[in-house]
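The values are calculated or read from the model by the stated rules, or taken from the named source; none is laboratory data. Everything numeric here is computed off the predicted structure, so don't read it as measured data. Glycine gets a Cβ as well: all are built from the backbone with ideal geometry, and neighbour counts include every protein chain shown.
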Amino acid sequence: MLNILKKNFLVFFLLINSLYILSDEDPYIFIDENAQKMVRVLTEDSSLFETDRALYEDKIKEIFEPMIDFRRVAASVMGKKYYLLATKEERAEFVLIFKDSLLDTYAETLAQWGDSTITTEFPKNKEELSKNAEVKQTLDTGTSKYPISYKLRKSKDGWKIVNIIINGVNLGLTFRNQFQALAVSHNENISDTLRNWVSDAGTAGIT
């Protein structure tokens, strides 16, 4: 009996471990698994939206934060010109600033979507993936459906999101335009630009 239990436990452990490995290697599974985790927060913890907004958004951030390559995204948002103008310390500072602002924006937006479902498009015939991939989803709010596209890049830590397009709104491009406009308004002073940075993509037209 003990040997059977040990064998069953070993099979269970190997199965769970293989799922984690598969998730790391397959961007579609990676995005879908985390999306469904967020849906569970949106539905099962919906009461927190009114009673404890900070805790509700923290639950979303906890899922979303490990999914993004913030260093690469922050560099893209700064753009080549301002990235080269910035010091090493300013670049590192913006990664942290952008990370906080993006998570706040994304969590607040998700929180307003309420009782929604998210469906991932899995390819019928999977081709061998390089370091880049695109995963498409459909957000169904109950009254409308909206397309979501995740651009991913594979790193030593597995697949990471480098851009998101929601309902036709390219968040990476939107944030880059905001950064450039802010930099110009502060006479291209990077320190002042970082001090006044606030990311805002609105609701991406999702209501």
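Results, tabulated for the structure shown:
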{"quantity": "Any hit, the stretch 155-168, residues being surrounded by fewer than 15 Cβ atoms within 10 Å (Cβ to Cβ), under 18 Å from P27 (Cβ atoms) and touching a strand residue (DSSP E or B) at 6+ places or on another chain (Cβ under 7 Å)", "calculated": "no"}
{"quantity": "Which numbered condition L171 misses (of (1) surrounded by fewer than 17 Cβ atoms within 10 Å (Cβ to Cβ); (2) at pLDDT below 95; (3) under 16 Å from G79 (Cβ atoms))", "calculated": "(1)"}
{"quantity": "Any hit, the stretch 120-133, residues being closer than 25 Å to E57 by Cβ and either of a type in the set (D, E) or assigned to a strand (DSSP E or B) (or both)", "calculated": "yes"}
{"quantity": "The stretch 138-179: number of residues that are within 19 Å of D69 (Cβ to Cβ), in contact (Cβ under 8 Å) with a residue 60 or more places away in the chain and assigned to a strand (DSSP E or B)", "calculated": "11"}
{"quantity": "Search result, residues across the stretch 135-154 that are hydroxyl-bearing (S, T, Y) and more than 18 Å from E33 (Cβ to Cβ)", "calculated": "T141, T143, S144, Y146"}
{"quantity": "Count of the stretch 35-64 residues which are over 13 Å from A107 (Cβ atoms) and hydrophobic (A, V, I, L, M, F, W, C)", "calculated": "2"}
